[in-house]
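Data first, discussion second: the structure below is written as structure tokens.
We did not get these values from a lab; they are worked out from the coordinates using the rules stated. All values derive from a computational prediction rather than experimental measurement. Positions of Cβ are backbone-derived with ideal geometry, glycine not excepted, and every protein chain shown enters the neighbour counts.
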Amino acid sequence: MGLALGYTVATPTIISLMQSCKQDSGPVWTPVFFSPEEGAVIMQLADLILPKTDTPSATEVGVHTFLDRYMKEVSESEEQALMKLGIGNFMEKAMADSGKQVGDTLTTEELEPVLAGALKKREIDEEAKIYETLMTYNEAVAQGQQAELDGDVSRFAFANQFRDAVIWSYKTSEYVGEEVLAYLPVPGEYIGCADLAELTGGKAWSIS
């Protein structure tokens, strides 16, 4: 789905985005793809998915700035439309549930139940119908046809797409790649049949 098709390989375009986003993640952030209201929600959702623990939160390593630039400069128009539709429906649901009129006033406590509802475990048949609906929608959009998407389906697609993108962006950030994951700037010998706990202390290898 969506971003999952585009971020399996760190291409030169994505690497340059990571470098520019590192420079852009100051105290004041102006999104280029998302609106300011959407940007405020994106930051909170990213930190709900990956909060600060003994490692930095998602926004502390610039995940929000990278995803914003990625959607603007790399993603296809169909992905952009689906993301905009999803964040719009997500914010509408959160505002309706909280009684608020402005998206950037939503709090983490008000966003969390909407995120949890969109990501909740579903029966296999129900999930299959959702993916079938999404496929039909994407095919119609690709052919230039008018298409509509149910709010629940749209939030499901957005929440899953966004969660996967946040985790991917976090793991490929410079700080996490070098300071959190097992990192070798110059790879050495290949040891194919050894215990990861012995080689890296249980850490996954960085792909940076």
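Points 7 angstrom from Cα along the Cβ direction at E92 and E60: gap in nanometres?
3.6 nm
Each residue of the range 42-55 in turn: what ³J(HN,Hα) in whole Hz from Karplus with 6.51, -1.76, 1.60 and θ = phi - 60°, glycine and Pro shown as x?
Computed from phi, the couplings for the range 42-55 are 4, 4, 5, 5, 4, 7, 5, 6, 10, x, 6, 10, 7, 10 Hz.
Whole-Hz ³J(HN,Hα) for each residue in the range 147-152, computed from phi via Karplus 6.51 cos²θ - 1.76 cosθ + 1.60 with θ = phi - 60°, x for glycine and proline: what do you get?
9, 10, 9, 4, x, 5
For Q80 and K100, calculate 0.36 nm times their separation in residues minus their Cα-Cα distance, and state this gained length in nm to one decimal.
Going from the current span to full extension adds 4.6 nm.
Per residue of the range 137-142, what does 6.51 cos²θ - 1.76 cosθ + 1.60 with θ = phi - 60° give for ³J(HN,Hα)? Whole Hz please, x for Gly and Pro, Karplus curve as stated.
Rounded to whole hertz, the list is 4, 5, 5, 5, 4, 4.
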